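The block underneath contains the structure these notes are about, expressed in structure tokens.
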Amino acid sequence: MSTDPVLRVALPVPLPRLFDYRVARADPALVGCRVQVPFGSRSLVGVVAEVGPPAVPDAELRPVEAVLDPVPLFHGELLASLRWLARYTHAPLGEVLATALPAALRRGEPLPEAVPWGWGLTEAGRTALPGLRAGRPRRLAERLAAGPVPEAVLAAEGEDWRAAARALARRGLAERVRCTADPVVSAASAPPVAAAPAPTPEQQAAIAAVRAAHGFAPLLLDGVTGSGKTEVYLQAIADCLARGRQALVLVPEIGLTPQTLARFRARLGVPVHVLHSGLNDGERARVWAAAWRGQARVVVGTRSAVFTPLPQAGLIVVDEEHDGSYKQQDGIRYHARDFALVRGKALEVPVLLGSATPSLESLHNAQAGRYAHLRLSRRAGGAQAPTVRVLDVRKRPLQAGLSPELLAAIEAALAEGGQVLVFRNRRGYAPVLLCHDCGWSAQCRRCSTPERGSALTVHGAGRRLQCHHCGARAPVPAACPACGGLALQPQGVGTERLEELLRARFAQVPVLRADRGSTRRRDALEALLARLGERPGILVGTQMLAKGHDLPHLTLVAVVGVDEGLFSADFRAGEKLAQLLVQVAGRAGRAQRPGTVVLQTHHPEHPLLRTLVHGGYHAFAEGELAQREAAGFPPFAHLALLRAEAKHAEPPLSFLSAARARFDGVAGVEVHGPLPAPMPRRAGLHRAQLLLAASARGALHAALDAALPTLHTLPEARRVRWSLDVDPVELT
């Protein structure tokens, strides 16, 4: 019986096991290295998870095709934390490790070299520099005049350099070269450090609390909008850098990174590296490699940046910690904020969670003493909180959803030289296309069922239809498909329709729309805000404008469409709406000019609105936590959601019924379902779900540990695509 050591490899496949392979010398030092191995008819890149005897003695094992790394990419804290994440999410270790790697490294490409590529001027470029016209190419040429600059540094200093570099290269004025200096530690690459403003007493207390933290310390920085949370981050990071350590900063959206980077670059004196989905694969791999080597001292990134290696970690910051985009909704369903806390504990470093509207989970942890609770109750720099006005529009005539009073308020704000944000959290022209003659409406064929239709959204001022769930597109029919009538009318209001009305009504000022449709290109949101500048104008936007953007000349925020969030079956709907309203309201009056917020509604007496207006977010949170506790909802319970989908409606329900039999009777665990999902069909697949709830986290995970291995063997499992979401944020 052969018990010679073999490599036990974690592969990116949806099977909860490791796979054994032969290698000439099974050295334990290979744990954490990538290997290329045969898998069926394919060749896959996996990570060595263990070295030991084969799971099946004397089995005929296939050999490893190649060992891709001379030293492990995963080791120490990062490997241990990712093993924890696989256990907590009950996901295959191979898929978790693959998720943590940049795409280029997942494909087996080598770790980018420490000495990177950069750009420098040619001799012709140095000669032509004085005569270049003003613009981006000239600015880049001036930046390169002192010598080649690494691409990582150019990317950290600004996102607009690539087009300028290509323009110079086409004219023979610049070229791509190998850099000899380390882009991260070179003093010549560091921008000058701007002076820090004097902190307010509350900011100083928060900064002192972070500095005093030794080892792991979760801190909730709970500050009203405009209170200077970023200044606390900056001073905490500066202290971290002074100790020779690395700092990781998570932000919820790509659109926040330009403003955040600009402030960080001006203050920290080191290149600030960025990780988000807008970068190409090579850029992401270079930043990951620089962090892995300990060269990148400050990394700012979105959700997936939580997997950044931090061999010299000193601080982790999670900005807007309440934001739902930190939760991954497909693949490995991790929560970046929660995993940041796990990594902070393993790394023994402080984790600073910041928000003006903390999640109820974080507030509950702070109230229970598990987090230090740092409060910033006043706006920085003398700015005053905006005045909030609830506008009752019952029985009022509306133009594209806007009342005469609101239009008058917009006109007055513009006349005073201010800027206006009209907030509508629904993109497109109109939510529904309706036949006024027979009542037919345009439905998505891939997402509708006979019992529940899914409307196609009207885009392009009525020229095309699009499903916001599956992406399906269709032209607007020339006549009603049901009755042949010509009375097809867009119903409801989206951001495009608001933009159309406001441009016609206020032609003398710029009207700019910021939603997913208008900001798809790289740096599009930053460019849009730059177009508005400091002059009077109107921004029409969705929730992307509610997330931390500093708009100092904004004096009026008009919120349209509040009512849709007031009546929802989702137990988190009230929390999400309250956070959204407070965040978008906080964009107004952030400088010296006072701000006003107008909430337009048909339900002015709704308890949520009354509580927010008269008591603020914390008054709402206190009442909501009491209701959650009475109902047995998170954070007073722990949930797991088992989802299944297939082309027909019966297989998901059949699979989940078989799955339920594995959980029925388990002590401490309640089972609800199976039931069709709130959206029972999407992208042509019928969807159902099974909800597990427990008052103790341990009981829930024990039940999952016992049941999940058997679910993979169920005959019904082969007829569906299923997934598990531990701690779901959405129950849809």
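The values are calculated or read from the model by the stated rules, or taken from the named source; none is laboratory data. The structure displayed is predicted, hence computed values, not measured ones. Methodologically, a virtual Cβ is constructed for each residue, glycine included, from the backbone with ideal geometry; neighbour enumeration extends over all protein chains shown.
Cβ-Cβ distances below 7 Å connect the following pairs, each with a first residue in the range 11-39 that is crowded, with 19+ Cβ neighbours inside 10 Å, a second residue that is among the hydroxyl-bearing types (Ser, Thr, Tyr) and in a strand (DSSP E or B), and a separation of six or more residues or different chains: Val37/Tyr21.
Among residues of the range 229-286 being crowded, with 22+ Cβ neighbours inside 10 Å and small (Gly, Ala, Ser), the one that is farthest from Val351 (Cα to Cα) is Ala285. Checked against (1) surrounded by 20 or more Cβ atoms within 10 Å (Cβ to Cβ); (2) under 23 Å from Val342 (Cα atoms), Val45 passes all but a single condition, namely (2).
Evaluating Pro477 against the criteria (1) buried (at least 17 other Cβ atoms within 10 Å of the Cβ); (2) farther than 24 Å from Ser518 by Cα leaves one unmet condition, (1). Picking from residues in the range 695-719 that are over 23 Å from Glu629 (Cα atoms) and among the polar types (S, T, N, Q), the one that is surrounded by the most Cβ atoms within 10 Å (Cβ to Cβ) is Thr710. Condition check: touching a residue at least 24 places away in the same chain (Cβ under 8 Å) and basic (Lys, Arg). Does Arg463 satisfy that? No: the conditions fail for Arg463. The residues of the range 589-639 that are in contact with a helix residue (DSSP H, G or I) (Cβ under 9 Å, 6 or more places away or on another chain), under 27 Å from Gly418 (Cα atoms) and assigned to a helix (DSSP H, G or I), listed by number, are Leu609, Leu612, Tyr617. For the range 356-387, enumerate the residues that are in contact with a strand residue (DSSP E or B) (Cβ under 7 Å, 6 or more places away or on another chain), surrounded by fewer than 19 Cβ atoms within 10 Å (Cβ to Cβ) and either hydroxyl-bearing (Ser, Thr, Tyr) or on the phi > 0 side of the Ramachandran plot (or both). Of everything in the range 356-387, just one residue is in contact with a strand residue (DSSP E or B) (Cβ under 7 Å, 6 or more places away or on another chain), surrounded by fewer than 19 Cβ atoms within 10 Å (Cβ to Cβ) and either hydroxyl-bearing (Ser, Thr, Tyr) or on the phi > 0 side of the Ramachandran plot (or both), namely Thr387. Of the candidates Ala190, Ala163, the single residue that is at pLDDT 80 or above, closer than 23 Å to His276 by Cα, under 35 Å from the mean Cα position of the chain (by Cα) and among the aliphatic types (A, V, I, L, M) is Ala163. Return the residue satisfying two criteria in turn: it lies in the range 28-76 and is out of contact with any Lys or Arg (no Cβ under 6 Å at 6 or more places or on another chain) and among the charged types (D, E, K, R), and of such residues it is farthest from Ala104 (Cα to Cα). The residue in question is Asp58. State yes or no: is Leu433 within 28 Å of Ile538 (Cβ to Cβ), surrounded by 14 or more Cβ atoms within 10 Å (Cβ to Cβ), touching a Cys at 6+ places or on another chain (Cβ under 9 Å) and touching a residue at least 12 places away in the same chain (Cβ under 8 Å)? Against the criterion (within 28 Å of Ile538 (Cβ to Cβ), surrounded by 14 or more Cβ atoms within 10 Å (Cβ to Cβ), touching a Cys at 6+ places or on another chain (Cβ under 9 Å) and touching a residue at least 12 places away in the same chain (Cβ under 8 Å)), Leu433 does not qualify.
Scan the range 452-474 for residues that are surrounded by 13 or more Cβ atoms within 10 Å (Cβ to Cβ) and in a loop (DSSP other than H, G, I, E, B) and the total you get is 9. Take the conditions (1) of a type in the set (S, T, N, Q); (2) touching a Pro at 6+ places or on another chain (Cβ under 9 Å); (3) surrounded by 14 or more Cβ atoms within 10 Å (Cβ to Cβ); (4) within 29 Å of Leu406 (Cα to Cα); Gln508 misses just one of them, which is (3).
Arg427 falls short on exactly one of the conditions (1) more than 26 Å from Gln543 (Cα to Cα); (2) assigned to a loop (DSSP other than H, G, I, E, B), and that condition is (1).
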